[in-house]
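The values are calculated or read from the model by the stated rules, or taken from the named source; none is laboratory data. Just so it is clear, the model here is predicted, and its values are computed rather than measured. Here the Cβ positions follow ideal geometry from the backbone for every residue, glycine too, while neighbour counts run over all protein chains shown. The accessibility values were calculated without ligands, DNA or RNA, using every heavy atom of the protein model including side chains. Shrake-Rupley method; radii C 1.70, N 1.55, O 1.52, S 1.80 Å.
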Amino acid sequence: MDLSQRIKRYREAAVKAVEFTIRYQLSDGGYIWDGYVKNAYHKQVYSWPLAGRFSETQRLLDWVKKNTLQSDGQLKDYLGDVYKLAWLVHGAQRLGRFDVSYPLGSFLFSYQAPCGGFPRYTADKLIRSVSTAWMGITALSFGKLDVAEKTAQCCISMLEQQPDKNRFYCQMTGDGKLVTEKEDPKALIVDIAKPKQNYYELGLPMMLMCRLYQATGKTSWLDYAKPFFEFNLRCYDDKFAFVFSGKTAFAAAIYYSITGDERARDAAYQFCDFLVETQLPDGSWRDEISDPDELLYYVDHAAEFCVWLLEIAAIMESKERI
């Protein structure tokens with residue numbers, strides 16, 4: 001397929017996804033109604049502006065500020081979900097809505113553990129790879145390089161403590177000890193021998209290392225992006241063709257733009273092609289095996305996949321010089 005046509009397909013799929021999610025915005029700008037979950041509008045703040053839907057995003061943020069932003073900086077009904085709240089911070093920060101991003105960011109940064117990591121939920125005793133790396137990238141958007149570097153060192157420590165080259169354990173204690181089955185029989189793992197894994201646990205640390213390289217120019221950060229990528233490359237065949245592959249695919253696109261590693265380019269294309277091929281007629285997505293047949297999953301995937309399609313398309317168009 002002609003590369004320019006490929007990029008066009010990605011953008012068309014992304015716009016269709018945004019149109020699907022926007023249809024559920026209410027007249028007051030909000031995104032909560034009877035029968036729908038109350039904490040599922042965080043990704044829209046990031047994705048909608050990428051597709052040029054600024055007015056709808058501003059109205060959503062106005063609604064957030066008026067109805068769900070609490071005095072301590074967190075959002076009502078989100079139960080201290082660090083990962084989800086960081087999504088909304090990213091979107092608000094990019095749009096210059098500091099009246100939302102700064103209170104929320106201040107709330108989130110206060111939960112950095114001594115080891116540098118962040119919990120998935122503020123009430124959790126353990127820190128987790130996905131929330132740690134996502135908060136590191138969030139810190140960079142605030143110019144908090146010290147916070148970002150501390151989160152990156154935590155991710156590196158997690159990588160270096162792995163006892164099994166075929167498994168990636170995703171949690172640590174607050175003081176920096178890796179959590180395996182010895183400490184917790186339900187320890188979270190990415191197992192390269194199994195399909196449908198949480199590949200983002202590897203993808204977001206890789207993305208953080210790439211972003212730190214861009215911010216500092218220090219090749220040492222880029223050197224640490226590679227082992228996260230190499231680990232993911234050894235995962236199951238669906239590693240770039242599953243609903244949990246998007247963050248790793250975007251990280252791969254960034255890595256390709258910096259290094260020219262064609263394996264990373266191909267990984268990013270594989271995921272975007274997967275999205276185009278599996279998008280439903282209404283613009284949404286659902287993995288029939290992993291996802292319940294509930295509106296939440298259709299909306300959540302559409303809100304996120306729009307981001308990766310447009311971000312990757314932009315990088316590839318620039319890099320490949322279509």
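Odds and ends about this structure:
- Matching option when the condition is touching a residue at least 24 places away in the same chain (Cβ under 8 Å) and among the polar types (S, T, N, Q), among Thr138, Thr180: Thr138
- Among the candidates Lys38, Lys84, Lys65, residue that is basic (Lys, Arg), in contact with a helix residue (DSSP H, G or I) (Cβ under 6 Å, 6 or more places away or on another chain) and in contact (Cβ under 8 Å) with a residue 24 or more places away in the chain: Lys65
- Among residues of region 10-54, those that are outside any loop (DSSP other than H, G, I, E, B), open to solvent by 30 Å² or more (accessible area, probe 1.4 Å) and more than 21 Å from Leu95 (Cβ to Cβ), counted: 2
The rows are residues; the columns are (1) part of a helix (DSSP H, G or I); (2) buried (at least 21 other Cβ atoms within 10 Å of the Cβ).
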| site | (1), (2) |
| --- | --- |
| Lys165 | no, no |
| Phe168 | no, yes |
| Asp175 | no, no |
| Asp184 | no, no |
| Gln197 | no, yes |
| Cys210 | yes, yes |
| Ala225 | yes, yes |
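- Members of region 76-88 that are within 16 Å of Lys65 (Cα to Cα) and over 12 Å from the mean Cα position of the chain (by Cα): Lys76, Asp77, Tyr78
- Condition check for Ala193: under 21 Å from Ile315 (Cα atoms) and either outside any loop (DSSP other than H, G, I, E, B) or modelled with pLDDT of 95 or more (or both): no
- Within region 288-317, residues that are open to solvent by 50 Å² or more (accessible area, probe 1.4 Å) have Cβ atoms under 8 Å from residues that are part of a helix (DSSP H, G or I) in these pairs: Glu317/Ile7, counting only partners at least 6 apart in sequence or on another chain.
- Identity of the residue in region 270-283, assigned to a helix (DSSP H, G or I) and open to solvent by 10 Å² or more (accessible area, probe 1.4 Å), that ends up nearest to Glu12 (Cα to Cα): Val276
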